[in-house]
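The values are calculated or read from the model by the stated rules, or taken from the named source; none is laboratory data. Just so we're clear, the structure is a prediction, and the values are computed from it rather than from any experiment. Here Cβ is always computed from backbone atoms with ideal geometry, including for glycine, and neighbour counts include all displayed protein chains. Protein only, heavy atoms only, side chains kept; ligands, DNA and RNA dropped before computing areas. Shrake-Rupley method; radii C 1.70, N 1.55, O 1.52, S 1.80 Å.
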Amino acid sequence: MSRISLVFFCLSTFASASLWGSSLEQIQKEVDRLAPEIIELRHHIHQYPELGNREFETAKLVVRHLEKLGFEDIRTGVAHTGVVAVLEGGKPGPTVAVRADMDALPVTEATELPFKSTVRTEYLGQDTGVSHACGHDIHTSVQLGVASVLASMKKDLPGRVVFLFQPAEEGPPPGEEGGADLMLEEGAFAIRPEAVFGLHALSSLEVGTLGYTSGPAFAAVDHFLIDIHGAQSHGAAPHQGVDPVVMSAQAIMALQTIRSRNLDPLEPSVVTVGIVRGGTRFNIIPATVHLEGTVRTYNPEVRDTVERRMEEILNGITQAGGGRFDLDYQRGTPATINDPALTEQMMPTLSRVVGKDNIRVLPPTMGGEDFAYFANEVPGFYFRLGAVRPGTTSGGHHTPTFTADDGAVPVGMRAMSQVILDYLHAASDR
């Protein structure tokens with residue numbers, strides 16, 4: 001490197017470091033100022049949760065906050081209840097998107113939080129509680145905080161930020177469309193971003209820590225429904241009928257051989273039967289037994305193999321037993337892949353926000369995440385936000401005792417605001 005090139009390199013590095021340090025201090029100051037208000041919003045969202053495609057009041061809260069910040073480009077009703085808002089920076093630069101999910105779950109909350117949910121509703125014909133048992137109240141409030149932080153820095157913002165407030169991440173109600181894929185169909189990326197960012201609270205990480213996975217991070221999520229048909233008879237005369245209970249039991253056990261005997265042991269996958277329904281009385285062999293479950297994979301070829309082998313196994317068992325079957329194999333959310341180059345680019349940012357010792361490299365999970373649809377369109381980076389107050393515990397995700405601490409909110413605001421700002425500055429300097 002020539003002396004002149006070295007000088008320019010050092011000046012550029014010094015300028016970038018100075019800019020980073022300056023923005024970090026500014027973001028911290030804004031987060032300190034805004035955190036009490038945003039945490040109050042989190043309490044409200046948590047106390048009044050809404051299921052997928054029914055986030056009407058949550059969406060109204062989001063819009064009110066964005067309008068108060070001076071957002072002018074706000075679209076509502078995207079994918080039923082979604083909100084898409086654009087923050088135009090005062091300087092030229094690229095476009096990025098950031099996403100937060102708003103929906104709750106049909107889970108009755110059993111925490112000690114003073115703002116716990118007492119909402120109840122009818123879901124699939126049953127009365128149930130509704131709660132943010134996966135932390136989406138944290139995600140929505142953090143993103144409102146990020147909007148507040150970046151709006152306060154608007155005149156110096158290079159480019160624009162598309163804020164996606166998404167409904168139905170946990171899946172739409174039966175018979176409805178919804179979620180990230182429907183948002184895209186309805187123009188969420190009408191202003192196409194260069195990159196998309198997201199975060200998720202994690203009950204196994206303490207507040208103040210951040211986690212990430214480079215490359216494959218969340219599995220593809222498929223849903224299967226099986227009806228095994230026999231012929232009804234008296235329980236005392238099984239020879240006069242065809243028993244779908246026995247065939248179902250054989251099928252449940254045989255489906256596990258797909259994972260253990262048909263797939264490479266090093267290929268991650270799960271085949272789970274989660275619902276078994278059949279029969280009306282102890283002494284009647286029913287005509288039909290219903291099975292339902294999920295398949296999780298990363299490799300598309302493995303996905304194909306699982307579906308094919310399910311068909312073959314069910315065909316063999318029901319033929320041998322004298323019955324028949326119907327299989328409805330529904331391919332759902334694809335695998336979420338964190339773009340390796342984008343992940344590597346943003347790692348220094350996360351480390352500087354919380355300190356290198358507070359960064360965790362996480363293994364891929366077999367859980368699913370429909371952020372995948374956004375990350376299939378443009379490079380995506382999705383990281384995990386520590387949500388448990390040190391010295392306490394939380395139930396797992398999707399359980400009644402899942403507990404996310406308020407302290408996660410300002411950490412998420414700082415981390416995501418800095419990720420977006422660093423990316424925009426780096427991309428605008430290209």
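Keeping all protein chains in position, work out how much accessible area Val295 exposes to a 1.4 Å probe, and write it in Å² to the nearest 10.
The accessible area comes out at roughly 0 Å².
Could you work out how far the C-alpha centroid of segment 42-116 sits from that of segment 217-285, in angstrom?
40 Å
Can you give me the angle between helix 244-257 and the longest principal axis of the chain, using Cα atoms only, in degrees from 0 to 90, rounded to the nearest 10?
Once rounded, one gets 40 degrees.
Considering the dipole of the chain built from charges on the beta carbon (Lys and Arg +1, Asp and Glu -1) around the Cα centre, which of Gln166, Ile39, His397 is farthest to its positive end?
So the residue furthest toward the plus end is Ile39.
Which longest uninterrupted range of the chain lacks any GluC sites (Glu not before Pro) assigned by DSSP to a loop state (not H, G, I, E or B) and surrounded by at most 11 other Cβ atoms within 10 Å? Walk me through the intermediate numbers first.
On the way: sites that count: Glu72, Glu112.
Segment 113-430 is the longest.
Using all C-alpha to C-alpha distances in segment 371-425, build P(r) with 10 Å bins and read off the rounded percent in each one.
Whole-percent P(r) values from 0 Å outward: 19, 37, 32, 12, 0.
Any idea which of Leu342, Val354, Val63 is furthest toward the positive side of the dipole for the chain, if Lys and Arg beta-carbons carry +1 and Asp and Glu beta-carbons -1?
Val354
Work out the count of Lys pairs in the chain where the Cα-Cα distance is under 20 Å, with the pair 8 or more places apart or on different chains.
On the way: Lys29/Lys68; Lys29/Lys154; Lys29/Lys155; Lys60/Lys68; Lys68/Lys154; Lys68/Lys155; Lys91/Lys154; Lys91/Lys155.
Lysine pairs, 8 or more places apart or on different chains, close enough: 8.
Only four residue types carry charge here, +1 at the Cβ of Lys and Arg and -1 at the Cβ of Asp and Glu. Report the dipole size of segment 241-392 about the Cα centre in Debye, rounded to the nearest 20.
Value, rounded to 20: 560 debye.
More than 18 angstrom separation, counting every C-alpha pair in segment 285-423; what % is that?
Values: 6787 of 9591 pairs.
In whole percent, the long-distance tail amounts to 71.
How far apart, in nm, are the 7 Å Cα→Cβ label points at Gln256 and Arg324?
3.0 nm
Per residue of segment 34-40, in order, report the coupling 6.51 cos²θ - 1.76 cosθ + 1.60 (Karplus, θ = phi - 60°) as ³J(HN,Hα) in whole Hz, putting x for Gly and Pro.
In residue order, the calculated couplings are 8, 3, x, 5, 5, 5, 4 Hz.
Work through the residues other than Thr297 whose Cβ is under 12 Å from its Cβ and net out their charges, Lys, Arg +1 and Asp, Glu -1. Before the final figure, lay out each step's value.
Details: positive: Arg259, Arg296, Arg303, Arg331; negative: Asp222, Asp264, Glu267, Glu301, Asp304, Glu307.
Around Thr297, the surrounding residues sum to -2.
Not counting ligands, DNA or RNA, and with a 1.4 Å probe, what is Lys60's accessible surface area in Å² rounded to the nearest 10?
Rounded to the nearest 10, the figure is 110 Å².
Based on the Cβ-Cβ distance of His229 and Leu266, what FRET efficiency does E = 1/(1 + (r/R0)^6) give at R0 = 41 Å, to the nearest 0.05?
Working: r = 37 Å, r/R0 = 0.91.
Given R0 = 41 Å and the Cβ-Cβ separation, E is 0.65.
So what J values fall out for segment 319-336 if you push phi through Karplus, 6.51 cos²θ - 1.76 cosθ + 1.60 with θ = phi - 60°, rounded to Hz, Gly and Pro as x?
Once θ is set to phi - 60°, the couplings for segment 319-336 become 5, 5, x, x, x, 8, 9, 10, 10, 10, 9, 9, 7, x, 4, x, 5, 8 Hz.
Under the Karplus relation 6.51 cos²θ - 1.76 cosθ + 1.60, θ = phi - 60°, what is the ordered set of whole-Hz ³J(HN,Hα) values for segment 188-202, x standing for Gly and Pro?
4, 9, 4, 9, 6, x, 7, 8, 10, 10, x, 9, 9, 4, 10
If one computes the Cα centroid of segment 133-209 and of segment 372-419, what distance in Å separates the two points?
Measuring centre to centre over Cα atoms gives 12 Å.
Helix 56-68 against the longest principal axis of the chain: what's the angle in degrees, Cα atoms only, rounded to the nearest 10?
Roughly 10 degrees, rounded to the nearest 10.
Between Gly198, Gly391, Gly129, which gets the highest mean-square fluctuation from a Gaussian network model of the chain, Cα cutoff 10 Å?
Gly391
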